[in-house]
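Okay, so here's the structure we're looking at.
The values are calculated or read from the model by the stated rules, or taken from the named source; none is laboratory data. Since this is a predicted model, take the numbers as computed values, not measurements. Cβ placement follows ideal geometry from the backbone for every residue including glycine, while neighbour counts extend to all protein chains displayed. What goes into the accessible areas is simple: the full protein's heavy atoms, side chains included, and nothing from ligands, DNA or RNA. Shrake-Rupley method; radii C 1.70, N 1.55, O 1.52, S 1.80 Å.
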Amino acid sequence: MSEASIKANHTTYNLQSWSKQRGLNPVVIEKAEGIYMWDPSGKRYTDMSSQLVNLNVGHGNKAIIEAIKKQADRYCYIGPSYASEPRGELAKLLIELLPDNMGKILFTNAGADANENAVKIAKMFTGRHKVFSRYRSYHGSSFGAGNLTGEPRRYPLEPGIPGFVKFFDPYIYREPLKFGSEKEASDYYLYKLREQVIYEKPDSVAALIVETVTGSNGVIIPPEGYLQGVRRICDEFGILLICDEVMMGFGRTGKMFAFEHFGIKPDIVTFAKGATCGYVQLGGVAVSKPIAAYFDDNFLSCGLTYSGHPLACAAGIACVNFYKENRIIENVVARGAELQEIFKTLKEKHKTVGDVRSIGLMGAVELVKDKATREPVVSYGKDPEGVMKKINGKLAAKGFMTYTHENMILVAPPLIITKEQLAEELQKLDEVLDEVDRMF
Ligand SMILES: Cc1ncc(COP(=O)(O)O)c(C=O)c1O
């Protein structure tokens with residue numbers, strides 16, 4: 001099919017997510033390999049967002065493709081109540097990767113329904129109904145997960161689900177209060193959170209869900225002591241702590257799961273994206289041993305036709321083995337340190353770079369009109385001149401493919417990226433930031 005026909009079919013018959021449909025001009029991808037993609041004219045693009053921060057192992061991974069093919073030859077589908085080798089094996093592998101308090105896994109289709117099922121499980125286990133989540137968070141776009149989400153992607157779902165309560169994140173860069181240390185900031189946010197829990201009637205609160213490290217809302221890394229304090233508040237009031245590891249899980253931050261950086265053990269972990277890197281979609285909910293034991297004698301009222309789809313589980317097993325055998329986490333730690341260094345230089349050099357934040361290979365560059373006032377180049381939902389789209393277009397013209405959110409450029413390449421490739425791509429970012437400096 002010609003490039004023009006592929007594009008015409010897309011724009012005529014597909015509703016493209018998170019977009020006004022008029023004027024869309026998507027890039028047609030002819031082939032993809034590793035961190036690169038090519039359009040039909042042969043132009044090469046670098047996948048600097050790992051698609052939607054899910055394609056951790058890059059495109060065309062032979063081991064995963066072979067595992068899917070092998071399973072497809074055996075059988076493609078079997079219902080969740082049958083014992084299937086890939087479903088059981090992947091659950092075992094994941095439980096072995098998770099902290100020792102974890103008991104069992106419920107597989108889902110993706111991240112949003114993982115979070116919704118986590119909330120359902122928390123409600124059944126505690127007999128309570130309220131759920132705390134943060135404003136600056138994204139937990140999925142389906143009805144329940146969209147209501148957990150705090151940022152404006154929640155608005156079309158309003159009025160929201162009763163009992164879903166929001167609290168503020170420790171977003172220190174945009175906090176008008178000035179703190180002497182990270183610890184001081186954590187103490188402040190934790191004091192406010194504890195007070196809010198008390199005002200919401202603690203024995204009505206089933207769970208508190210956090211993106212362990214906030215992802216698409218700007219890579220907000222918890223300050224020192226914050227998540228440990230959240231864990232303490234949950235323990236004090238018998239609230240379950242759910243860590244949404246959909247974006248950060250499976251090596252993105254330089255640990256298999258992001259909560260490992262902070263020395264906490266969640267009661268429930270949700271995951272998706274990097275579990276299968278998009279080769280076949282899969283999500284899941286890992287629950288602690290006490291929660292798993294509760295359902296020995298209590299009915300688990302959760303179910304999905306495709307829970308633990310054999311092809312997805314086969315991809316998941318191959319993916320986890322690939323992470324281990326190819327020392328992917330070690331690469332993330334090394335490349336992550338280089339990314340942090342180059343980010344620092346970009347911040348010093350460019351007048352429009354207000355802040356840079358990164359952990360492992362998850363980074364954000366926050367663009368401002370003025371470093372002193374920290375005024376963002378655009379505020380959320382208010383970019384009538386399409387400034388961020390223009391900036392993203394400049395990156396794309398150089399073959400640096402990523403996405404932006406509010407006034408931020410996300411940098412999240414596949415975890416297999418090499419030192420040379422990373423340096424080459426960040427040079428392109430540097431050049432575009434020179435142009436951004438001239439725009440303001
Ligand atoms: C932290 C987080 N949770 C949940 C989701 C939703 O996952 P999915 O799009 O697979 O439903 C996302 C997607 O970006 C995410 O980043």
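Details
- Residue among 183, 104 that is part of a strand (DSSP E or B), assigned by TED's automatic domain parsing to the domain that holds residue 265 and open to solvent by 40 Å² or more (accessible area, probe 1.4 Å): 104
- For region 138-173, the candidate set comprises residues that are of a type in the set (Gly, Ala, Ser) and surrounded by fewer than 23 Cβ atoms within 10 Å (Cβ to Cβ); within that set, the residue that is nearest to residue 104 (Cα to Cα) is 144.
- Restricting 69, 62 to residues that are out of contact with any Cys (no Cβ under 9 Å at 6 or more places or on another chain) and closer than 29 Å to residue 361 by Cα narrows the list to 62.
- The residues on offer are 133, 137, and the sole one that is part of a strand (DSSP E or B), at pLDDT 95 or above and either within 14 Å of the ligand (Cβ to nearest atom) or not assigned by TED's automatic domain parsing to the domain that holds residue 233 (or both) is 133.
- Looking only at region 348-380, and only at residues there that are of a type in the set (S, T, N, Q) and farther than 14 Å from residue 404 by Cβ, the one that is surrounded by the most Cβ atoms within 10 Å (Cβ to Cβ): 358
- Output for region 381-403, where each listed residue is open to solvent by 40 Å² or more (accessible area, probe 1.4 Å) and touching a Lys or Arg at 6+ places or on another chain (Cβ under 9 Å): 383, 398
- Only a single item in (1) within 16 Å of the ligand (Cβ to nearest atom); (2) in contact with a helix residue (DSSP H, G or I) (Cβ under 6 Å, 6 or more places away or on another chain); (3) in contact (Cβ under 8 Å) with a residue 40 or more places away in the chain is not met by residue 190, and it is number (1).
- Single residue of region 395-422 satisfying the filter (hydroxyl-bearing (Ser, Thr, Tyr) and not in a strand (DSSP E or B)) that is farthest from residue 342 (Cα to Cα): 403
- Complete set of residues in region 32-48 that are surrounded by 12 or more Cβ atoms within 10 Å (Cβ to Cβ), over 18 Å from residue 412 (Cβ atoms) and free of Cβ contacts under 8 Å to residues at least 24 places away in the same chain: 38
- Residue that is touching an Asp or Glu at 6+ places or on another chain (Cβ under 6 Å) and not aromatic (Phe, Trp, Tyr), where the choices are 211, 195, 200: 211
- The numbered conditions (1) more than 30 Å from residue 367 (Cβ to Cβ); (2) touching a helix residue (DSSP H, G or I) at 6+ places or on another chain (Cβ under 9 Å); (3) within 16 Å of the ligand (Cβ to nearest atom) are all true for residue 85 except (3).
- Filter pass, residue 246 being in a loop (DSSP other than H, G, I, E, B), among the aliphatic types (A, V, I, L, M), buried (at least 24 other Cβ atoms within 10 Å of the Cβ) and in contact with a Lys or Arg (Cβ under 8 Å, 6 or more places away or on another chain): yes
A quick yes/no check of all residues on (1) over 30 Å from residue 371 (Cα atoms); (2) hydroxyl-bearing (Ser, Thr, Tyr):
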site: 122; (1), (2): yes, no
site: 126; (1), (2): yes, yes
site: 129; (1), (2): yes, no
site: 156; (1), (2): yes, no
site: 162; (1), (2): yes, no
site: 169; (1), (2): no, no
site: 197; (1), (2): yes, no
site: 213; (1), (2): no, no
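- Some residue of region 306-323 being in the same structural domain as residue 71 (by TED's automatic domain parsing), surrounded by fewer than 21 Cβ atoms within 10 Å (Cβ to Cβ) and among the small types (Gly, Ala, Ser): no
- Considered as a group, the residues in region 223-232 that are open to solvent by 10 Å² or more (accessible area, probe 1.4 Å) and under 26 Å from residue 123 (Cα atoms) include one that is nearest to the ligand (Cβ to nearest atom), and that residue is 231.
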